[in-house]
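The values are calculated or read from the model by the stated rules, or taken from the named source; none is laboratory data. Owing to the predicted nature of the structure, the values given are computational and were not obtained by experimental measurement. Here Cβ is always computed from backbone atoms with ideal geometry, including for glycine, and neighbour counts include all displayed protein chains.
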Amino acid sequence: MTGFPEHLLREDLRDFTGYSSARTSAPGTATPARIWLNANESGHPSSVDVDGTSRRYPDPQPSALVDAFADLWATTPDRVVVGRGSDEMIELLVRALCRPGGDGVVVTPPTFGMYAVSARLHGSPVVDVPQVDDGLTWRIDTEAVAAAAVSAGARLVFLASPGNPTASVVPLRQVSDLAERLSDRAVVVVDEAYGEFASQRSAVTLLEEHPNLVVLRTLSKAHGLAGLRVGLALVHPDLAVVLRRVQAPYPVPVPVTELALRALTPEALEATRQRVGGTLRLRDRAVRALRDLDGVRAIYASEANFLLVRCDDADRLLDVLTADGIVVRDMRHLPGLDDALRITIGTDLEMTALDRALGDPS
């Protein structure tokens, strides 16, 4: 396996060992540990946790959960880093790769705002390469992204695929070409938060050939566990080691691990696939309903569980929905979307309520 290009890491962190927690620094001995007195934990369980399940600090990277994710993505556990949602993975990548005030981050607006937020909180310059609106789809110009990354000396490139709020994907061939072109210059991050809804296969299939490629996944969307806050980065093993070192201690609480593991059983995964199929059918139904609505000028093709809609009068449409207790996302603060709303695909009952609020009694 080709190694991760070490020069892309912050020079001051290349020998950084990180915080040595009670779980990572426990001494290895021939005698199995029987009494744990090394972490200043309570000797007794809480009255609200009588079994003591949460009395002790958790494994920083729960091995059962790491293994389950590795199995799900047909990769090896040393490529998996688990944390507090994709947001933490984004933060860790910026922290590990970008010198504050120095190395830039390339983003492709309109896109998920946390890429730029994490970069700016870190003091890293943000380079915008706007997406191209092709009328019914949005397209990321990966040639322009590569040129901008080289010109700015960027260390990170974020591609959301499917995108939020564009709902479009970046073709895998373009992802591969971009990673190859930036192989010794930058890490290319493909955020697949909505990947279960897409027809294209995951960029995880490209990890072996591109050491500078990272794929983000989450349990927040298709798996229906947004409140759990579990995300993961699939990365080169060398980079995984670094991300774990710069991660805050104990990122995955014990109850979170237990529920996440239940979500990754074969039965739960099959239920998730069934829900995804139902969501796609409801998405198609919503497109048909919105297409006939006065004032809707464009509905973008979607590879996600939402629709991006352009309106003649977005305020009027928001007022109609709000009056019926229905909340959608106003996207007019984003560049190129001064007339756009984003509508998540909910349950059958919720989408029927949406239809009725929009004047379709069916």
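A few notes on this one:
This table checks each residue for (1) at pLDDT 95 or above; (2) small (Gly, Ala, Ser); (3) surrounded by fewer than 18 Cβ atoms within 10 Å (Cβ to Cβ).
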site: 309; (1), (2), (3): yes, no, no
site: 330; (1), (2), (3): yes, no, yes
site: 336; (1), (2), (3): no, yes, yes
site: 345; (1), (2), (3): yes, no, no
site: 359; (1), (2), (3): no, yes, yes
site: 362; (1), (2), (3): no, yes, yes
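- Those residues of the stretch 322-362 which are assigned to a loop (DSSP other than H, G, I, E, B), among the aliphatic types (A, V, I, L, M) and without any contact (Cβ under 8 Å) to a residue 60 or more places away in the chain, in sequence order: 326, 327, 328
- Here residue 211 clears all of (1) under 20 Å from residue 302 (Cα atoms); (2) crowded, with 20+ Cβ neighbours inside 10 Å; (3) more than 15 Å from the chain's Cα centre (by Cα) except the condition numbered (1).
- In the stretch 154-182, the residues that are assigned by TED's automatic domain parsing to the domain that holds residue 343 never reach a residue that is buried (at least 24 other Cβ atoms within 10 Å of the Cβ) and of a type in the set (Phe, Trp, Tyr) with C-beta atoms less than 6 angstrom apart, at least six apart or across chains.
- Of all residues in the stretch 264-283, those that are assigned to a helix (DSSP H, G or I) have Cβ atoms under 8 Å from Cβ atoms of residues that are of a type in the set (Lys, Arg), 6 or more apart or on another chain, in 268/262.
- With a requirement of 3 or more residues that are over 20 Å from residue 226 (Cα atoms) and over 17 Å from the mean Cα position of the chain (by Cα), the helices (runs of 4 or more DSSP H) lying completely within the stretch 81-168 that satisfy it span 142-152.
Quick grid of which residues meet (1) within 18 Å of residue 271 (Cβ to Cβ); (2) without any contact (Cβ under 8 Å) to a residue 24 or more places away in the chain; (3) in contact with a strand residue (DSSP E or B) (Cβ under 8 Å, 6 or more places away or on another chain); (4) not aromatic (Phe, Trp, Tyr):
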{"site": "190", "(1), (2), (3), (4)": "no, no, yes, yes"}
{"site": "195", "(1), (2), (3), (4)": "yes, no, yes, yes"}
{"site": "202", "(1), (2), (3), (4)": "no, no, yes, yes"}
{"site": "208", "(1), (2), (3), (4)": "no, no, no, yes"}
{"site": "211", "(1), (2), (3), (4)": "no, no, no, yes"}
{"site": "220", "(1), (2), (3), (4)": "yes, no, yes, yes"}
{"site": "224", "(1), (2), (3), (4)": "yes, no, no, yes"}
{"site": "227", "(1), (2), (3), (4)": "yes, yes, no, yes"}
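- Members of the stretch 5-20 that are touching a helix residue (DSSP H, G or I) at 6+ places or on another chain (Cβ under 8 Å) and either closer than 19 Å to residue 104 by Cα or part of a helix (DSSP H, G or I) (or both): 6, 8, 9, 10, 13, 14
- Of all residues in the stretch 88-95, at least one satisfies being surrounded by 14 or more Cβ atoms within 10 Å (Cβ to Cβ), in contact with a helix residue (DSSP H, G or I) (Cβ under 6 Å, 6 or more places away or on another chain) and β-branched (Val, Ile, Thr).
- Considering residues of the stretch 134-165 that are of a type in the set (Ser, Thr, Tyr) and within 27 Å of residue 330 (Cβ to Cβ) only, the residue surrounded by the fewest Cβ atoms within 10 Å (Cβ to Cβ): 137
- If you filter the stretch 265-284 down to residues that are more than 17 Å from residue 193 (Cβ to Cβ) and touching a helix residue (DSSP H, G or I) at 6+ places or on another chain (Cβ under 7 Å), you find that the one that is surrounded by the fewest Cβ atoms within 10 Å (Cβ to Cβ) is 268.
- Matching entry among 108, 137, 76, 53 (being out of contact with any Asp or Glu (no Cβ under 6 Å at 6 or more places or on another chain), modelled with pLDDT under 95 and hydroxyl-bearing (Ser, Thr, Tyr)): 53
- Filter pass, residue 253 being in contact with a Pro (Cβ under 8 Å, 6 or more places away or on another chain) and either surrounded by 15 or more Cβ atoms within 10 Å (Cβ to Cβ) or assigned by TED's automatic domain parsing to the domain that holds residue 164 (or both): yes
- Checking 340, 304, 353 one by one, the residue that is more than 30 Å from residue 129 (Cβ to Cβ), outside the structural domain of residue 191 (by TED's automatic domain parsing) and surrounded by 12 or more Cβ atoms within 10 Å (Cβ to Cβ) is 353 and no other.
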